[in-house]
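Some notes on the structure that comes next.
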Amino acid sequence: PYYGASTSSSTSGGAVVITLGDDYLARAHALPAIREQLPAALFLLAPLDAAALTRVLTIPIQRVGWRFDDPAMVGRMVEEASRAAAALPLLCFAATNLWTLRDPVLRRIPASAERELGGVSCALARHAERTLEAMTASERDDVRETFRRLLTAAGTRARVRRADLAQLVRSFAAVERLVA
């Protein structure tokens, strides 16, 4: 889940909105300036439901006068993304890749684009594979080692500073390309 916090100032007429993943909430609470504001301003942003994910996918396309060649494509993408823990980022990544496969003459996203993408989940997997294939064997070894350090023995996410990773691998530039 993501958390949001907002605070406003009557003297400036402005507001500050901060969003962060649940894994960063404790870090934010450790900062005195934020800790004072959190109790009054914190609210949970629930994951988007299928209807909201559909709007995320269709409204931007419609606003620029484009359309999906196969309207069922949207439903398939939303259904697949909904099964993932990070549905919104995964769907956005796939949509960005779909956009690169658009038909600019007919102003549409062709059905063939979905097949080429391989679905929502495959879009990310194929991107990772292409990124790794572009690296040297040594860089791939460094990336593998980096990912080992990003997981605990229990398979959960480990907190590792980039500066620490930079000292652990020979080719941190390759790691930065993949992790960033």
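Note on the chain: with charges restricted to the Cβ of Lys and Arg (+1) and Asp and Glu (-1), its dipole about the Cα centre is near 180 debye. Approximating the spin labels as points 7 Å out from Cα along Cα→Cβ, the Tyr24-to-Ile59 distance works out to 2.3 nm.
Inter-label distance, Arg130 to Arg157: 2.5 nm, where each label sits 7 Å from its Cα along the C-beta direction. For the range 113-162, what class follows from the C-alpha gyration tensor (a ≥ b ≥ c being the square roots of its eigenvalues): rounded when a/c is under 1.5, otherwise prolate if a/b is larger than b/c, else oblate? Here the range 113-162 falls in the oblate category.
Within the P(r) computed for the chain, what percentage of the Cα pairs occupies the region above 30 Å? Percent of Cα pairs beyond 30 Å in the chain: 40.
Between exposed trypsin sites (Lys or Arg not before Pro) in the chain, where DSSP calls loop and at most 15 other Cβ atoms lie within 10 Å, what's the longest gap? Longest site-free region, per DSSP loop and neighbour criteria: 1-82. For the chain, set up a Gaussian network in which alpha carbons nearer than 10 Å are linked by springs, and say which option among Ala15, Ala166, Ala123 fluctuates the most. Of Ala15, Ala166, Ala123, the Gaussian network model singles out Ala15 as fluctuating most. Here the chain has 58 percent of its accessible surface on carbon and sulfur atoms, given a 1.4 Å probe and all protein chains in place.
On a per residue basis, the chain carries 65 Å² of accessible surface, using protein heavy atoms and a 1.4 Å probe. For the range 30-180, the relative contact order comes to 17 percent (Cα pairs under 8 Å, sequence separation of at least 6).
Here the spin labels are modelled as points 7 Å beyond Cα on the Cα-Cβ line, and at Ala86 and Val17 they lie 2.2 nm apart.
The values are calculated or read from the model by the stated rules, or taken from the named source; none is laboratory data. Computed from a predicted model, the values in this text were never measured in an experiment. Please note: Cβ atoms are built from the backbone with ideal geometry, for glycine as well, and neighbour counts cover all protein chains shown. Heads up: the accessible areas ignore ligands, DNA and RNA and are worked out on the full protein's heavy atoms, side chains in. Shrake-Rupley method; radii C 1.70, N 1.55, O 1.52, S 1.80 Å.
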